[in-house]
Amino acid sequence: MQSTTKKWLLLLVLSLIWGSSFILIKKSLLGLTPYQLGALRTVITGLFLFTVGLRSIKSIGKREWKWVVLSGFLGSFFPAFLFAIAETEIDSAIASILNSLVPLNTVLFGFAVFKIASTRRQVFGVIIGFIGTSMLILKGAELNPQQNYLYAGYVLIATVMYAFNANIIKKHLQNVKPLAIATGNYVAIMLPSIIILWYTDFFTDSTFEDSNFRMSVIYVTILSFFGTALAKVLFNNLIQISTPVFASSVTYLMPVVALVWGLLDGESFGFIQTLASAIILFGVYLAHRRKT
């Protein structure tokens, strides 16, 4: 498969997977606390990755392990809790929309901290995408005035972490196999997640007896396998064959998928949101193109 075709295919697949993850988080919270959800999601994902990728971590060098560990906490551990906490107050589609700030942060921190250059066209594409995102946010606030937007701050923190993670993988883990990175991430964050799961009273009768518990676990399992384990390997691969900016542009497509799920779940979707989605797609196109 040609590199360009593969990049766009991975971008599309990731947008479908991650765009659906926000509604899965929302449904999982019906029978779990946000801390139980974040920890259980990490543990299940780790078990999936260990099954297929434990041998691959032998390829990680001693100097690379510190970046793998940092990538694990910034790209997986903390965001799993931050998004779960945020969705206790704000709508799943809004959380996805706010997540579109990742490409903007990737450009800013990539240039300021990691010295990874971006073209003017890429920066312009990110700005266009951000304008579309802003339109979606404003319309969402208008349609959902009862939501506590202070909790949006948790999503904003997660976007900064995602941006750092994308740049770390591109700059320091370029030669490490995507599966090895993903598995190594969970080697680092598995134990803290088990400890959190234990101290949130997950293993108690009151948790298991909740009428929504069984379905919540099913949703978390689907989220863990597709939205975290599989998607993380695909995302690491996408970063390596493209750029951090293009890879993080998946967060421009995710709100479109998330809004469709929201519509099916009874949320509103109007003309302005459709227009904003089209602007976002144009921003992705510009962020991808480079001058030869």
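The values are calculated or read from the model by the stated rules, or taken from the named source; none is laboratory data. All figures in this text were calculated on a predicted structure; none of them were measured in a lab. As a convention, Cβ positions derive from the backbone with ideal geometry for all residues, glycine included, and neighbour counts pool all protein chains shown.
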Open item on the list: Looking only at region 122-131, count every residue that is crowded, with 24+ Cβ neighbours inside 10 Å and under 14 Å from Ser277 (Cβ atoms) and tell me the total.
Closed with: 1
Task: Looking only at region 1-16, and only at residues there that are of a type outside the set (A, V, I, L, M) and farther than 24 Å from Val260 by Cα, the one that is modelled with the lowest pLDDT - done: Gln2
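Could you identify the single residue in Thr221, Thr274, Thr243 that is of a type in the set (Val, Ile, Thr) and closer than 20 Å to Leu24 by Cβ?
So the residue among Thr221, Thr274, Thr243 that is of a type in the set (Val, Ile, Thr) and closer than 20 Å to Leu24 by Cβ is Thr221.
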Task: Leading residue by the ranking (farthest from the chain's Cα centre (by Cα)) among those in region 235-292 that are of a type in the set (Phe, Trp, Tyr) and modelled with pLDDT of 75 or more - done: Phe271
- [ ] Name, by its number, the condition in (1) more than 25 Å from Leu40 (Cα to Cα); (2) modelled with pLDDT under 85 that does not hold for Thr228.
- [x] (1)
Open item on the list: Going by what's in this entry, would Thr183 be described as of a type in the set (Ser, Thr, Tyr), farther than 20 Å from Leu259 by Cα, outside any loop (DSSP other than H, G, I, E, B) and at pLDDT 75 or above?
Closed with: yes
Task: Selected residue (criterion: nearest to Pro79 (Cα to Cα)) from residues of region 186-225 that are outside any helix (DSSP H, G or I) and in contact with a Gly (Cβ under 6 Å, 6 or more places away or on another chain) - done: Asn212
Task: Residues of region 32-55 classified as at pLDDT below 95, buried (at least 21 other Cβ atoms within 10 Å of the Cβ) and farther than 16 Å from Gly227 by Cβ, total - done: 1
Open item on the list: Among the residues of region 126-171, what is the count of those that are farther than 15 Å from Pro255 by Cβ, of a type in the set (A, V, I, L, M, F, W, C) and more than 19 Å from the chain's Cα centre (by Cα)?
Closed with: 2
